[in-house]
Amino acid sequence: MQKTLLFVTDLYYEAKGRNYYEEDLFLTSKLREDFQLVLCHPEDIETFEKDFDLIVFRNAGPVANFKDKYLAFRNRVAAGYLKTYNSFVGKADMKGKEYLIELTNAQFPVIPTIDTLESLHKLPNVETYIVKPKDGADSIGLEFAKKEELGDKMDAESKNTLVQSFINFEYEVSFYFIDKEFQYALYAPDKEKRWELKEYAPTEADLSFAERFIEWNNLDWGIQRVDACRNEQGELLLVELEDLNPYLSLLELTEETRRNFVKALKKSIQKALQA
Ligand SMILES: Nc1ncnc2c1ncn2[C@@H]1O[C@H](COP(=O)(O)OP(=O)(O)O)[C@@H](O)[C@H]1O
Ligand SMILES: [Mg+2]
């Protein structure tokens, strides 16, 4: 008997510049060659979760849109009742953007990030700052601010926002991993079009940069996307480590890269099922 997957996606989520449903139609058409699979909207997981061998959390859209259900789901997973893909032991985006503070303090190569005004000295002295909600995704709630505006834009009590220096980057680049294996990299040569992506050939140094974050996160299994920007000094800085539901731009890859990705994913899912 083939194992059963509850494939979680919001087919109709309108993401800027991306069609979630096209990617997931492709991916499910491939996964069903090896598994028995049913699609499920992210808000309906609880109804079906006990009936499947593995819950595959894919393009669910920002979980802030169904925060209570997401937290309840995380709690049920943590209680050991459910097996998920990705594994939910990650420390990055699946828990919000808080990890950027930890990585800043540990002197990882990330965009310097703080969550209290008292820490402002940890950021370079710049003209423009960016304020973003810790539970944000898809650029929701992103705001520019001058130094004197920061106090108003941050909630000192709830500490639910982050402040970063604004980076006038050259371009953004994303590195895609399954488990700890690098799969492919894509970059956005046109800064105004974050989701018009081209294949990027990473150097050894680029790969070491990305792998540091994958090692730090130490997921049991899953797909992760390391989003970075190249600053004016030529250095890579982490923008975000997507360890919950990274969009993969699968349909923009070459046939061969896409085929290899599907193969690696099937293997990784088998590993998760056997764990
Ligand atoms: N500190 C920053 N400086 C310059 N641009 C930024 C900065 N932070 C975010 N951005 C821009 O906003 C986009 C979304 O920010 P990100 O932190 O990835 O949040 P989200 O979770 O909403 O994707 C990035 O891809 C980048 O283009
Ligand atoms: Mg992002």
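The values are calculated or read from the model by the stated rules, or taken from the named source; none is laboratory data. Model, not experiment: these values are computed from the prediction. Every residue, glycine among them, receives a Cβ derived from its backbone with ideal geometry; neighbour counts consider all protein chains shown.
Points worth noting:
- Top-ranked residue of region 78-98 - restricted to ones that are buried (at least 20 other Cβ atoms within 10 Å of the Cβ) and not small (Gly, Ala, Ser), ranked as farthest from residue 52 (Cα to Cα): 97
- Filtered residues of region 1-28 (kept if over 19 Å from the mean Cα position of the chain (by Cα), more than 19 Å from residue 66 (Cβ to Cβ) and aliphatic (A, V, I, L, M)): 1, 5, 25
- Lone qualifier among 90, 136, 151, 141 - being in contact (Cβ under 8 Å) with a residue 24 or more places away in the chain and within 13 Å of ligand 1 (Cβ to nearest atom): 136
Okay, residues lined up against (1) more than 16 Å from ligand 2 (Cβ to nearest atom); (2) closer than 27 Å to residue 216 by Cβ; (3) in contact with a strand residue (DSSP E or B) (Cβ under 6 Å, 6 or more places away or on another chain):
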{"residue": "110", "(1), (2), (3)": "no, yes, yes"}
{"residue": "115", "(1), (2), (3)": "yes, yes, yes"}
{"residue": "119", "(1), (2), (3)": "yes, yes, no"}
{"residue": "125", "(1), (2), (3)": "yes, no, no"}
{"residue": "128", "(1), (2), (3)": "yes, no, yes"}
{"residue": "154", "(1), (2), (3)": "yes, yes, yes"}
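- Restricting the first member to region 172-192 and to residues that are more than 21 Å from residue 269 (Cα to Cα), and the second to residues that are of a type in the set (Val, Ile, Thr) and buried (at least 18 other Cβ atoms within 10 Å of the Cβ), the beta-carbon pairs closer than 8 Å and six or more apart or on different chains are 172/239; 174/226; 185/173; 186/173; 187/173; 188/173.
- Check on residue 55, within 16 Å of ligand 1 (Cβ to nearest atom), at pLDDT 95 or above and not aromatic (Phe, Trp, Tyr): no
- Selection of first residues in region 37-62 that are in contact (Cβ under 8 Å) with a residue 60 or more places away in the chain and of second residues that are among the hydrophobic types (A, V, I, L, M, F, W, C) and surrounded by fewer than 15 Cβ atoms within 10 Å (Cβ to Cβ), restricted to Cβ pairs under 7 Å at least 6 apart or on distinct chains, gives the following pairs, ordered by first then second residue: 62/140.
- Verdict on residue 190 being of a type in the set (D, E, K, R) and surrounded by 15 or more Cβ atoms within 10 Å (Cβ to Cβ): no
- Scanning region 198-219 for residues that are more than 16 Å from the chain's Cα centre (by Cα) and either at pLDDT below 95 or not aliphatic (A, V, I, L, M) (or both) yields 198, 199, 200, 202, 203, 204, 206, 208, 209.
- Applying the criterion of at least 2 residues that are in contact with a Leu (Cβ under 6 Å, 6 or more places away or on another chain) to the helices (runs of 4 or more DSSP H) found wholly in region 9-113 leaves 20-31.
- Matching residues in region 108-162 - criterion: being surrounded by fewer than 17 Cβ atoms within 10 Å (Cβ to Cβ), of a type in the set (Gly, Ala, Ser) and under 19 Å from the mean Cα position of the chain (by Cα): 139, 141
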